[in-house]
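What follows is calculated from the coordinates using simple rules that are stated; it is not laboratory data. Note that this is a predicted model, so its numbers are computed, not measured. In this analysis, Cβ positions are derived from the backbone assuming ideal geometry, glycine residues included, and neighbour counts consider all displayed protein chains.
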Amino acid sequence: MRRLTIKRVAEIALGVLLLVIIRSLGEYFRLRYTLGDVLTFTDVTPYIAGALLAAVSLGISALCYRASLYRLSIGVAAATVVVLFVYKVAVIG
């Protein structure tokens, strides 16, 4: 079995951020299904803001990865997940 390197963990962290973006944007479709025509932009705004934060963090993390700053790339991804969790609890509920 291969050993998990710090570079591989950074790649996984980038993938996790991409999944976070997809999940956040996919929430629109869940809300559209449950709320139907009464869905407003206000209902979707927190999820779009979360996806935007994750996208910016993905860009920063990818730049760190490209510069071979793997630990910083992992740190940015981990901090983003924590911030988005706190955001979800505080804003979205």
Top-ranked residue of segment 14-42 - restricted to ones that are farther than 18 Å from Val89 by Cβ and among the charged types (D, E, K, R), ranked as farthest from the chain's Cα centre (by Cα)
Asp37
Residues of segment 42-92 satisfying the condition of being in contact with a Cys (Cβ under 6 Å, 6 or more places away or on another chain) and polar (S, T, N, Q):
Ser73
What is the one condition in (1) at positive phi; (2) surrounded by 12 or more Cβ atoms within 10 Å (Cβ to Cβ) that Ser68 does not satisfy?
(2)
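Please work out if Gly59 is in a helix (DSSP H, G or I), small (Gly, Ala, Ser) and without any contact (Cβ under 8 Å) to a residue 12 or more places away in the chain. I'd like the intermediate steps shown before the answer.
Working: in a helix (DSSP H, G or I): yes; small (Gly, Ala, Ser): yes; without any contact (Cβ under 8 Å) to a residue 12 or more places away in the chain: yes.
In short, yes.
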Only listed residue being loosely packed, with under 12 Cβ neighbours inside 10 Å, part of a helix (DSSP H, G or I) and not hydroxyl-bearing (Ser, Thr, Tyr), chosen from Gly36, Gly50:
Gly36
Any residue in segment 66-89 that is closer than 18 Å to Ile12 by Cβ sitting within a Cβ distance under 6 Å of a residue that is hydroxyl-bearing (Ser, Thr, Tyr)? List the pairs, counting only those 6 or more apart or interchain.
Ser73/Ser61; Ser73/Tyr65; Val76/Ser57; Val76/Ser61; Ala77/Ser61; Thr80/Ser57
Buried (at least 17 other Cβ atoms within 10 Å of the Cβ) and either touching an Asp or Glu at 6+ places or on another chain (Cβ under 7 Å) or outside any helix (DSSP H, G or I) (or both) - does that describe any residue in segment 20-29?
no
